[in-house]
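S.K.: First, the structure itself, so that you have it in front of you.
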Amino acid sequence: MLKVNDINVYYGSIHAVKGISFDVNKGEIVTLIGANGAGKSTILNSVAGLLKTRTGSIEFEGQSILGTAPHLIVSKGLAMCPEGRRIFLQMSVEENLEMGGYTRKNQEAEQSLINVYDRFPRLKERRKQQAGTLSGGEQQMLAIGRALMSRPSLLMLDEPSMGLAPILVDQIFAIIKELNESGTTILLVEQNARMALSVADRGYVLETGRIVSSASASVLLNDDAVRKAYLGG
Amino acid sequence: MKKVKKLRKSTRSSLITYGLVILFFVIVQVMMITGNLSSSLRGQLVPIAAYIVMAVSLNLTVGILGELSLGHAGFMSIGAFAGVIVSTSLENQIANAPLRLAVSMLVGGILAAVVGVIVGVPALRLRGDYLAIVTLAFGEIIKNVINILYVGYDSSGLSLSLKSANALGLEEGGKVVLNGPMGAVGISRISTVTAGFVLIIVTLFIVLNLMHSRSGRAIMAVRDNRIAAESVGISITKYKLMAFVISAALAGLAGSLYALNFSTVVAKKFDFNTSILVLVFVVLGGIGNIRGSIIAAAVLTVLPELLRQFNDYRMLLYAIILILVMIATNNEKIKNLINRVTLMLDLKTKNDPKKGGAA
């Protein structure tokens, strides 16, 4: 579904992503794990078109999306839920969701809205509330809901557990699992490696811009090196 | 159902704004007829209208798009001189003054929009302070270009020179429309208060409808959170350019109206100070607040006339206000404070918990 081949991304002269290749198959949850600064978010931003990829290729459903404007990538069915949630704080919950359906026809967006409210009853309760007044967990739900509004076939989630209480982290991951079961392919970037690997099918471990190992999630969970480095022994 | 309610709310707010302008216009008309308006104030009416349009249009860039432009007077200048040239050239072809004014303003607005595209495409890649610097430079460049521009009109049409009025080689009976640093002279003053009123209404119609439209929501989303806007599929470039160009076009219209109200107009009139003046209107009226812009523009244009001594301190006040604004906009703490206060006010007035729960 998504095929990333040997991409290099730079911030000015800093070589942040060094020749990374990975792929995501339909129906999978794939996770990229690694420490701060390993290049996880950079990779997602490059796939979403927010960052320029200097060399390499990115293919989504057989089509190259390298150099495509971000708004066009969204309409191809590849949505991203950005790091730090990035909701529109001044808008109401419903307005935020409506923005998420921006690339779709009104009717389709209305249907998406109903689906999102079905999945997140909490958001429906708070639909009129200003998004900035939501709790962290609700904001994360809103950010995921907003990304779902474009009905993506592949959803990229950048650090969905960031800054959330453990109980909320569990909730968010349960939602991710549910989303996947209902047919959305997911590419997940996480610092909470244990959580990410527990829901994922496959994982890639990143270190300073390179992939150092890749395997099925259960293998990585039991891998000694990975355990030591990312799972706290 | 919710949509209808929301529409009503925004429509009500727009109607109040329209009503305010109409009321103001009626009062002015009554005062003019009964002779209660001093001649100096009467002379200020068209400039007030032009400045209101300037302030509302700049608010589109600063408040709705969220980008600081310091060259708004540049677009006004383009509209002004294009308007004067068109009006003078068509003096014989279109005898009807209001029609000629409309045509001149339209050309001024379109030309300003074209320049808006040319400047906007490269400049809008920049953000914040850098965009402000580029727009400031643009304003200065326009001023200096018009300062060396000589335009003449005779039976063979328009002629243009960068050297001197003589180099135009005009025929007998030809007219120098734009005389370099001397500016445009001998303009027939065809602007009227009614035209100004119509222009304000048209401007409000465009800006308020844009704000409440799908595109307007996209523009505000770009302002509130660029990355989020991009990630939900909004074309940043398109909507930034849309707001910037509409803003430029409206400034061009205002410029034409303004210039055709005077018999002489020089390029220096539309310098950095004018851009700042308009920005002060916007800031004082409230960034993003259209009604505020109208009131601030009207009051601050009239005030120096009413209080001559205040005039001396005007530049001092601008300086102080601008410094305060810069401190406020660059300070996270103050920004958060303002956000929190507005949030609190919003919650108190809008978000009655009883209403929010019903679904």
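The values are calculated or read from the model by the stated rules, or taken from the named source; none is laboratory data. Note that this is a predicted model, so its numbers are computed, not measured. A quick note on method: Cβ atoms are made from the backbone with ideal geometry, for glycine too, and the neighbour counts reach across all protein chains shown. Quick note on the areas: whole protein, heavy atoms, side chains included, nothing else; ligands and nucleic acids left out. Shrake-Rupley method; radii C 1.70, N 1.55, O 1.52, S 1.80 Å.
S.K.: Compute the relative contact order of chain B as a whole-number percentage, counting only Cα pairs closer than 8 Å that sit 6 or more residues apart in sequence. Write out the running numbers ahead of the final one.
M.R.: Values: 532 pairs, mean separation 103.9, N = 359.
The value is 29 percent.
S.K.: Where in chain B are the DSSP H helices whose C-alpha atoms run 18 Å or more along the long axis and whose mean Kyte hydropathy is at least -0.5? Please list the in-between numbers first.
M.R.: Working: long enough: B:2-34 (48 Å, 0.77); B:39-59 (30 Å, 1.10); B:72-89 (26 Å, 1.27); B:97-123 (38 Å, 2.01); B:128-147 (29 Å, 0.98); B:193-211 (27 Å, 2.61); B:236-259 (34 Å, 1.27); B:272-285 (20 Å, 2.35); B:290-306 (24 Å, 1.60); B:308-330 (34 Å, 0.93); B:332-349 (25 Å, -0.07).
Span-like helices, by this rule, are B:2-34, B:39-59, B:72-89, B:97-123, B:128-147, B:193-211, B:236-259, B:272-285, B:290-306, B:308-330, B:332-349.
S.K.: Here's something else I'd like to know. With all protein chains present, how much of the accessible area of the protein assembly as shown (probe radius 1.4 Å) comes from carbon and sulfur, to the nearest whole percent?
M.R.: Numbers: 16190 of 27140 Å².
About 60 percent, which is the carbon plus sulfur part of the accessible surface.
S.K.: Continuing with this model, one more query. So how much accessible surface do B and A hide from each other in total, probe 1.4 Å, in square angstrom to the nearest 100?
M.R.: On the way: alone 18750 and 10980 Å², together 27140 Å².
Result for this pair: about 2600 Å² buried.
S.K.: Please give the FRET efficiency for B:Thr34 paired with B:Thr194, using the beta carbon to beta carbon distance and R0 = 25 Å, rounded to the nearest 0.05.
M.R.: Calculated value: 0.90.
S.K.: A further question follows. Collect residues whose amide H, placed 1.01 Å from N in the peptide plane, falls under 5 Å from the amide H of B:Thr192; neighbours closer than 5 in sequence don't count.
M.R.: none
S.K.: Also, I was wondering about something else. Using alpha-carbon positions, what is the distance between the centroids of the range A:109-184 and the range B:24-40, in Å?
M.R.: Between the Cα centres of the range A:109-184 and the range B:24-40 lies a distance of 58 Å.
S.K.: Just report the Cα centroid separation between the range B:201-280 and the range A:186-223, whole Å.
M.R.: When both Cα centres are located, 48 Å separates them.
S.K.: Considering only Cα-Cα distances, which of the following residue pairs are longer than 19 Å: A:Lys40/B:Lys333; A:Lys76/A:Lys105; A:Lys3/A:Lys52; B:Lys9/B:Lys240; A:Lys26/A:Lys177; A:Lys3/A:Lys76? Don't jump to the answer; show the numbers that get you there.
M.R.: Values: A:Lys40/B:Lys333 31 Å; A:Lys76/A:Lys105 14 Å; A:Lys3/A:Lys52 17 Å; B:Lys9/B:Lys240 26 Å; A:Lys26/A:Lys177 15 Å; A:Lys3/A:Lys76 15 Å.
Checking Cα-Cα distances, A:Lys40/B:Lys333; B:Lys9/B:Lys240 exceed 19 Å.
S.K.: Anyone know which of B:Gly35, B:Gly139, B:Gly174 comes out most mobile in the 10 Å Cα GNM of chain B?
M.R.: B:Gly35
S.K.: Would you rank B:Lys268, A:Lys18 by solvent-accessible area, highest first, keeping every protein chain in place and using a 1.4 Å probe?
M.R.: Details: B:Lys268 140, A:Lys18 60 Å².
Putting B:Lys268, A:Lys18 in descending order of accessible area: B:Lys268, A:Lys18.
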